[in-house]
Amino acid sequence: MASLLSSGVLLRRNPHILKLPPYLSFLCVLIGVAWLLVLPLDNYSRNTYISENALLPGQVHTYFAGSDQNVFRGYKREIDALEDKPNIEVNDKLEEILKASGLKVARQSYEYKSAGQTYTGENIYAILHAPRGDATEAIVLVAAWKNMEGKLNRSGIPLILTLARYFKRWSLWSKDIIFLVTADSTAGPQAWVDAYHDTHQSPAIDSLPLKSGALQGAIVIDYPFDHRFHSLHIAYDGINGQLPNLDLLNTVVSIASGQMGIGVSLQQMWQHSDSYQDRLQTMLRGMMNQGLGHASGPHSSFIPYHVDAITLQPFGDGWQDEMAMGRVIESTFRSLNNLLEHLHQSFFFYLLMQANRFVSIGTYLPSAMLVAVNFTIMAIFLWVKSGYPQSTNSKTPSTVEAEEKTSQLNSSQKGNAKVITAEESSAVRERELLLPLAVVAGSQFLGVLPLYIFNHTPQNMLTPVFVSFAVANNALPYILSRTLTHLFNPTTQQYQLIKSFSLLLLGLFLSSLATLNFSLAFLVGLLATPLTYIYPTSSTSALSYVLKAVLALVLSVIAPTAVLVAASWSWGLSIEKVLTQAAYGWDVWGMNTQVVVWCVWWPAWIVGGVLLFGRPREETTKLNERGQESKAVI
Amino acid sequence: MSIDRRKAALFGAAAAVRLLLFTGFPGLPDLLTARVEISTPVTSFKRLQEGLFLYNHNVSPYDGGVYHQAPLLLTLFTLLPDSATYPIFTYTLYILVDLLSAHALMKIAESGEAGSSKLFTSPRKDKKWSSFSIAAAFLFNPFTIATCIGRPTSVFTTCAILYAISKAVVGASFTSMLALSFAAYLSMYPLLLFPPLILLCYDRRPAKRTESLISFILGNAAAVGGSILSLLHMSFLITGSWEFLSSTYGVQLLLPDLTPNVGLWWYFFIEMFDSFRNFFLGVFWLHLSSYVGGLTIRLRRQPLFVLTMLLGIFAIFKPYPSISDTSLFLAMLPLYQHVFPLMRYTFVESSIVLYATLLGPAFYYLWIYAGSGNANFFYAITLVWSLGWSLLLADALFAVLRDEWEVERPEMKGKEIRQV
């Protein structure tokens, strides 16, 4: 026992161990990325399955057909005539139709302001009270007048009207059904769900005059063309990367592909050959959507309220008609109608790589955690290193010496406590904490600045503001670093501590974030990885200047602003559009991706820049042996 | 004079920060009041409002089983204008209480009791923080600020405990006991601080008093008992019945309200079969109080450190802990700055605590709001939180014991040791 303990003591002083952490942290990143890449393989992902037995998907015969098709055609003609009419006029007509079906109808108008723009509209909804229910639970069927691309929901609106009329005829519903037609796909659903849960901002957003019970699920129809379709595309990402319960998705997939023979695709993978590449691409697109945390359809607004929701979008040219789509919805509603309690059995954290293949959180989380751990390892390493005496190279003990020391341990018995002491005294250097803490805390607080600026600038000013911010951002690390050197002239140890604290915080934030939004944590972690390997140097050799220039280049490439420019270029969007959308997300959806970018990633980047341009002062070796008196830290 | 100016500036800044947070972010106080990390069933400001409402309408405040706080708090808050219409008075009260606590903390720091008590003088005692830094560390601790903004009534207990200690270090045993009685009256658990506190008073008693330890203890115990009794009687006069006893102290003892908090009790008692409940209540309380005797005896020479340790232990193991208790422990800990270099795992411990601080709200969100997590998520993180503090406590204890040991065995100074 004693020898085991003493070897532990000596292990700490082993010089080889001290060289290890940078490689170890790099290894963590490598494994993290590799981990993600093997997920699509058969051995690591699983086939989806229905967890909640009450759902019984596809076990009922669907009757939506025949004469209802004539009703659908009639409604469709009415809707086509309303195409360019203003919102209120459209809703007048819809109200008339829904009332004719014998439903209670109510309307809600809303107004959002974001980036100097105003978004207004009016939602209309009808409630079908369950003949067998007590109005404590409800399911929502949503169709937005305009879909995410701004196209008229040409067949979706007639379909929801037909279904409303059709559902009303059945006596088997045990949950209320709410038919909601929103004016647009982003603000309208948000205003309605907020008001349903009484968390809306009055008076800009009206309260709902009519309500039902707790929402159990929501299905959105997005069917913006009037020809037959080939397969079904399901959008499932919620705001801030939250996902609906996997059972809801499984239900629709099993109904569509099993009962109706309609193919299902995800993440705009119009072709999916079940190959490794296609699975990986689906997964990566899913991660991108999750990481951005934006709404991918009207369903996204429901998910933060713990209402599982998905959007169904027919696509392609095939032989499935609108009645088939209607039957999918009918069957899904019959399944949801069976639910005895809220969907909770299946996964809430998953990555899908195909409509029937997924990995759950336990399998994929380690990859993001490993990336986050890389920062923590380096933080601990730098902390330890900052405590080591300056002139280590002159008296680095060899391993042979270390082995010899095992025999030099003193073991003494005193009372009940047995004490083992090593001969060599353990010297720990005084750590000067105040400046590093102030620098790291300061850069964290600085993050509030861009967050505020980009969320409160009017739309037309966004591009100029962004350009000037990006330019200033590239110069900022250099300026800050010079100021720091000029004012405080930090020592190597202080630089080490600055880096240690900054990386510790980054690792801390990212591992917490990984539990909330895995993809965002992984993406930010990956983009921040180079920050682990930036050291300040006071060397003036040509090589170090070249190295510094290369690192500065790398640093400016991985700057949040540069990444933003690259991303919007690859999506084919203008910066203004992306930033407007981000501000819209912040104001309307309560999206907080910006907080992560500006208050987690950006401060770490700034500190990285400060380190790169830092010039550590040559310090006089000041040892503070344990037990030796010395002046206070602060 | 210059010191006073510095102190005034510090207190002014602390008050300004709090006032800014109170008034600049009007949603913040209510948001923090609703956080389970800050408000527990026995300290919540929201529950106080409920009790106050009932009390003002001549209904017993304990009807309905929401209010579990001491009756005298009701009288205090009825003196203030309604906090919904004139919140500024409540804000000012809480800010003042924080400043008073800081003042008491400065008194404790200035006494130098941490470095050299009557029976023990640390060889490192010169290496300490000034009382100014200690007060600043308390006042600008994010936990303290969050507690102040969240307005739980535990701040009054904090203040009373700090006053009791600050009076004890100058030997004013009677005032100290009075403050302790207030703390015990408000929250009950501070009664467990009596043994170390009385030893501290005894060590620091004026030289002219030469009574024996036993009679000293008996005298002061009588003082504590008497003042608690009179406080209870006052409460009886206010509420008109003795039912407040079971609604306040009974709740602390028997844990009927299992609202989640950062402690370890709630989950355990949710899971437990009713037949074992009484047994485990006994075990948990026994566990909590068993530290008092052990630490008081082992660290007889440094009663102030025993108090610090106990406050840390209470912050982990008491039935309804909150970050308010943690902030009290963190207020006392910097007094022992001189032994910090002897601590071994400060970085790991602070990392664990930081991780738990961030992950706690995240997991609570996943459980309560997102619905994608469950109670185990939050409980797991409270375990980590408690683990972090336990490690820190053990490490601080190790450092102080090592400090004592080096006085006995000076030849071991600076040597690496391991306790087996």
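The values are calculated or read from the model by the stated rules, or taken from the named source; none is laboratory data. Predicted model only: the values in this text are computed from it and were never measured. We place every Cβ from the backbone using ideal geometry, glycine too, and count neighbours over all the protein chains shown. Please note that ligands, DNA and RNA were not included when accessible areas were found on the heavy atoms of the full protein model with its side chains. Shrake-Rupley method; radii C 1.70, N 1.55, O 1.52, S 1.80 Å.
Here is how the numbers come out for the structure above:
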| quantity | calculated |
| --- | --- |
| Calculated from backbone phi, Karplus (6.51, -1.76, 1.60) coupling profile of the range A:442-449 in Hz, x at Gly/Pro | x, 5, 5, 5, 4, x, 5, 4 |
| Packing-based order for A:440-452, A:364-376, using average beta carbon neighbours within 10 Å, highest first | A:364-376, A:440-452 |
| Whole-Å semi-axes of chain B's equivalent ellipsoid (Cα gyration tensor) | 33, 26, 23 |
| Greater than 28 Å apart at Cα, pairs in A:LYS76/A:LYS168; A:LYS19/B:LYS125; A:LYS385/B:LYS118; A:LYS385/B:LYS413; B:LYS46/B:LYS318; B:LYS208/B:LYS318 | A:LYS19/B:LYS125; A:LYS385/B:LYS118; B:LYS208/B:LYS318 |
| Chain B: DSSP helices with Cα axial extent of at least 24 Å and average Kyte-Doolittle hydropathy no lower than 0.0 | B:2-24, B:87-111, B:213-239, B:274-298, B:346-365, B:375-408 |
| Scattering profile of the range B:302-362 at q = 0.15, 0.22, 0.30 Å⁻¹ [log10 I(q)/I(0), Debye over alpha-carbon scatterers] | -0.53, -1.06, -1.29 |
| Overall dimensions of the range A:53-355 as given by Cα atoms, namely Rg and Dmax in Å | 17.9, 52 |
| Charge tally in the Cβ shell below 12 Å around B:ALA102, where Lys, Arg are +1 and Asp, Glu are -1, B:ALA102 excluded | +2 |
| Sulfur and carbon atoms: percent of accessible area, the range A:53-355 [1.4 Å] | 48 |
| Peptides ranked, highest mean first, by Cβ atoms within 10 Å: ranges A:147-156, B:206-215 | A:147-156, B:206-215 |
| Within chain B, helix-based [θ] at 222 nm, where runs of 4 or more DSSP H residues each add -39,500 (n - 2.57), nearest 500 | -22500 deg cm²/dmol |
| Chain A: Rg to Rh, with Rh as the Kirkwood radius over Cα pairs | 1.08 |
| Relative contact order %, the range A:53-355, counting alpha carbon pairs below 8 Å whose residues are six or more apart | 24 |
| Cα gyration tensor category, rounded, prolate or oblate, for the range B:5-245 with a/c compared to 1.5 | oblate |
| Relative contact order of chain A, pairs being alpha-carbon contacts under 8 Å that are 6 or more residues apart, as % | 18 |
| Contact surface A-B: accessible area buried, both sides summed, square angstrom, 1.4 angstrom probe | 3600 |
| Probe 1.4 Å, protein heavy atoms only - accessible area per residue of the range A:53-355 in square angstrom | 36 |
